[in-house]
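Before any comments, here is the structure.
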Amino acid sequence: MKVYSNEFRERVINAVKRGEAPLSIAKRLEVSFSWVYRLLRRYRATGNYEAQPSNAGAKPKLSESDLELLSQAVNENPDATLEELKYLAGLSVSVSTICRALKKLKLGSFSYVVGKF
């Protein structure tokens, strides 16, 4: 998702203050109407239009010790399914998280399929 500069955001707010309709602002500046609407809603509620911090530094769902447990479960049960590996490692995350962790550990290439065959 593209992060627009605070100067650009301020231009949108000023255009609304001058009486321009949000839809025409969106068309003129080539941004989505929903982005303009969300920006205005937040500005009216908080008085702030600046970009919010990203979630790029979010805490990983699995710790190093969790990854070690998962690696050990794979070594002991190489034919186990993702769901079985989750149970054997004692982890309480989604199966897709297990799949991503195994890719990170380079323990296989998987294509996760949901549902019954």
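Only the coordinates and a few stated rules stand behind these numbers; no lab work does. What you see is a predicted model, and the numbers here were worked out from it, not measured in a lab. Reconstructed Cβ throughout: ideal geometry from the backbone, glycine too, with neighbour counts over all protein chains shown.
Some points to look at:
- The stretch between S24 and L107, if pulled fully straight at 0.36 nm per residue, gains 24.7 nm over its current Cα-Cα span.
- Cα-centre dipole for the chain with unit charges at Cβ (Lys and Arg positive, Asp and Glu negative), debye to 20: 920
- Angle in degrees between helix 33-46 and the longest Cα principal axis of the chain, rounded to the nearest 10: 80
- Potential extension, Q72-R42 segment - 0.36 nm per residue separation minus Cα distance: 6.1 nm
- Dimensions (Å) - the range 6-46, Cα atoms, principal axes, largest first: 25, 20, 18
- Inter-label distance for S34 and V16, nm, one decimal - labels placed 7 Å from Cα along Cα-to-Cβ: 1.7
- A DSSP coil position with no more than 12 other Cβ atoms inside 10 Å describes the following GluC sites (Glu not before Pro) in the range 18-90: E30, E50.
- For Y4, no residue has an amide H sitting under 5 Å from its own, ignoring neighbours fewer than 5 places away on the same chain, with H placed 1.01 Å from N.
- 14 Å beta-carbon shell around Q72, net charge (K/R +1, D/E -1): -4
- Going from the residue with the fewest nearby Cβ atoms within 10 Å to the one with the most, D66, D79 rank D79, D66.
- Sites excluded, trypsin sites (Lys or Arg not before Pro) in DSSP loops with at most 14 other C-beta within 10 Å, longest stretch of the chain: 62-105
- Each residue of the range 60-71 was assigned a 3J(HN,Hα) from its phi angle through the Karplus expression (A = 6.51, B = -1.76, C = 1.60, θ = phi - 60°), giving x, 6, 10, 7, 4, 5, 5, 5, 5, 4, 5, 4 Hz with x at Gly and Pro.
- Answer label for semi-axes √(5λ) of the Cα gyration tensor in Å (calculated), chosen among (1) 23, 17, 12; (2) 28, 17, 13; (3) 48, 16, 11: (3)
- Among T97, T81, the ranking by other beta carbons within 10 Å of each residue's beta carbon, starting with the fewest, stands as T81, T97.
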